Amino acid sequence: MNMAEHLHQALVGLLAVGGAFFCLVAALGVVRLPDALTRMHASSKAGALGCGMVLVAVALFFPGIDVLARAIAAILFLLLSTPVAAHMIGRAIYASEPPDSVIAPYDELRGSADDPAVRMRQAHAKGAEKHAAQPPSAKIRTGDVT
Amino acid sequence: MSGEISPFLSWCLVLALIMLFMAFALTVLRVLRGPTKGDRIVAIDLFGVLAVAFIALFTLYQSRIVFLDAAIALALVAFFGTVAYARLMEKQAAEKLAPTREAENEHG
């Protein structure tokens with residue numbers, strides 16, 4: 001092996017170790033941070049960065065455009081899906097246990113149109129309307145009886 | 001590259017795999033211990049990302065390209081699983097919360 005190949009493999013190795021390091025940081029954050037929202041924050045950012053670095057190492061190690069294309073597709077997909085998943089998890093955590101008012105004094109989501117509870121209520125109201133509109137004869141009959 | 005792997009790279013790969021296994025252990029710890037359902041979903045999501053990283057590292061370790069397809073497929077499936085679980089949890093929690101939030105709005 002000549003010098004260039006050694007340098008190339010050293011770069012790949014450093015990227016792989018760096019990626020694994022950030023994955024470890026994400027896992028440490030998930031274990032050590034105090035509540036579910038901060039844990040979500042740690043896992044989504046550091047996890048995506050670590051996984052992306054390992055995929056970049058794979059793309060650099062193998063020659064050829066096919067591996068490059070696959071690695072770039074995987075990285076793009078990761079960068080698209082991780083924030084969406086984190087957002088959904090954040091909404092779910094917010095719906096189940098609203099954040100501490102001391103840590104987050106301003107809560108503009110609470111009671112707004114995007115609040116999970118408000119959305120659920122509106123969906124219920126719409127469902128009830130539809131349900132009531134479906135059998136009109138039954139409605140009239142109950143009105144007659146009372 | 002089917003050629004030889006330099007000692008530095010193989011050392012790096014072993015180190016990276018050890019770090020990744022430590023990350024797996026910590027994530028499983030959070031799945032088992034997580035006080036709320038949200039903590040468990042977060043940990044399962046991270047587990048999926050770590051699995052993708054592990055498969056990518058394994059591709060390097062074995063010098064075989066075929067495993068990379070498995071990594072892409074796993075990323076897709078893990079994302080769908082996380083979204084489905086999060087939606088279910090949000091729906092259940094909002095259903096439980098809706099009556100109290102309604103009373104609150106009528107007061108204020």
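The values are calculated or read from the model by the stated rules, or taken from the named source; none is laboratory data. This structure is a prediction, so every number in the text was calculated from the model and none was measured. Side chains included, ligands, DNA and RNA excluded: accessible areas come from the protein's heavy atoms. Shrake-Rupley method; radii C 1.70, N 1.55, O 1.52, S 1.80 Å.
General remarks:
- At 1.306 mPa s and 10 °C, Stokes D of segment A:43-112 from Kirkwood alpha-carbon radius, µm² per second: 109
- For A:E97, no residue 5 or more places off, or on another chain, has a built amide H under 5 Å of its own.
- Pairwise Cα distances in chain B exceed 18 Å in 64 percent of cases.
- Surface exposure of the protein assembly as shown, expressed per residue as accessible area with a 1.4 Å probe, stands at 55 Å².
- Normalised per residue, the volume of the convex hull around the Cα set of the protein assembly as shown (Å³): 159
- Tail beyond 23 Å, pair distance distribution of chain A (Cα, percent): 60
- Structure-based [θ]222 nm, chain B - -39500 (n - 2.57) summed over DSSP H runs of at least 4, per residue, nearest 500: -31500 deg cm²/dmol
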